[in-house]
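The values are calculated or read from the model by the stated rules, or taken from the named source; none is laboratory data. Since we're looking at a predicted model, the values are computed, not measured. Backbone-built Cβ (ideal geometry, glycine too); neighbour counts: all protein chains shown. Surface areas here come from the heavy atoms of the whole protein model, side chains and all, with no ligands, DNA or RNA. Shrake-Rupley method; radii C 1.70, N 1.55, O 1.52, S 1.80 Å.
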Amino acid sequence: MNSGLDPRAIAIQPKREAGVQRYKTVLDGADQLLLEVGLSGFSISLLAERLGFTRRSIYKFFPTTYAILNELTYQYLDQLEELLSNRVTELSELPWDKIIYQMVQEAAAFHNRNPVSRILILGGAVTDESFRVTELTIRRLGKLTTDMLNARGIEPRSHPDVVSLAVDIGTAVFRVSNLYHGEITQDYVDEAAYAMVAYLSKYIDGQPLNGAP
C-alpha cells in the first residue's frame, strides 16, 4: 500500500494505549479541520492549535502533513472498499455490467456522505512521492473490480490494464461532478457507470453492452 512513498509521508503506528488515543484524536481533528478549511488551509500548526497539542506530539506519529492526509485517505478507502465488497457479494447473481452500475451508485453515495473523502480522493490529482491518492484509488478499486470479473470467468486485458483505466474514467467523472456541483449528482453517476461499462465491453468477449439500468 505504501510502496514508493516517501517514508516521512507514512504514519507511525502507536504502540501504547495512550498513543493510540492521541493518534485517533489527531486524525479526527484533521478530518474536521479539512472539512472547515480544505487542503489549501490545512497544516499541522493549525491542527495542533485546534487540538491544544504541541506540534512535536503530532510529529511523533505524523512526520509531515502528508502522513496525516495519507492515513485519512487509507481509512476512507478501507471503508469504501469494504462497502463495495459487501455490495458485490449481495449482487452476485447479476450480470457484470449491472454490478458495476451498483458499485458506482454506492461509491457516489459514500462520497456524498463523507465530504472529506471527496476532498482527499476527488479534490484533485496529486501524485508525487508523498501523496498518491489517484494511484492508490485506481489500484485498490481496480483490483476489486478485477476480482469481481474473474469470479464470473471474465479475464480482462491486463496490458494495458483496462480495468484500472475504467476505474480512472469513472473517478474522473466523479471528480468533474464534485468540481461543478460539490457532490456526485445522479446524472454523473449514470455517466460514470455508462462510460466504464462501454469501455470494458470492448474487451469482454460475448458480454452485451447493457448500459446503466
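Results, tabulated for the structure shown:
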{"item": "Residue match in segment 91-102 (condition: among the acidic types (Asp, Glu), loosely packed, with under 15 Cβ neighbours inside 10 Å and over 16 Å from the mean Cα position of the chain (by Cα))", "result": "yes"}
{"item": "Residues of segment 9-36 that turn out to be of a type in the set (A, V, I, L, M, F, W, C), surrounded by fewer than 14 Cβ atoms within 10 Å (Cβ to Cβ) and either under 25 Å from the mean Cα position of the chain (by Cα) or outside any helix (DSSP H, G or I) (or both), as a count", "result": "2"}
{"item": "Residue tally, condition aliphatic (A, V, I, L, M), within 30 Å of Leu144 (Cα to Cα) and open to solvent by less than 20 Å² (accessible area, probe 1.4 Å), over segment 37-80", "result": "6"}
{"item": "Lone qualifier among Glu49, Glu36, Glu71, Glu81 - being acidic (Asp, Glu) and within 27 Å of Tyr194 (Cα to Cα)", "result": "Glu81"}
{"item": "Qualifying residue in segment 107-119 (condition: outside any loop (DSSP other than H, G, I, E, B) and among the β-branched types (Val, Ile, Thr))", "result": "yes"}
{"item": "Unique match (being within 30 Å of Asp187 (Cα to Cα), outside any helix (DSSP H, G or I), small (Gly, Ala, Ser) and at pLDDT below 95) among Ser40, Ser92", "result": "Ser92"}
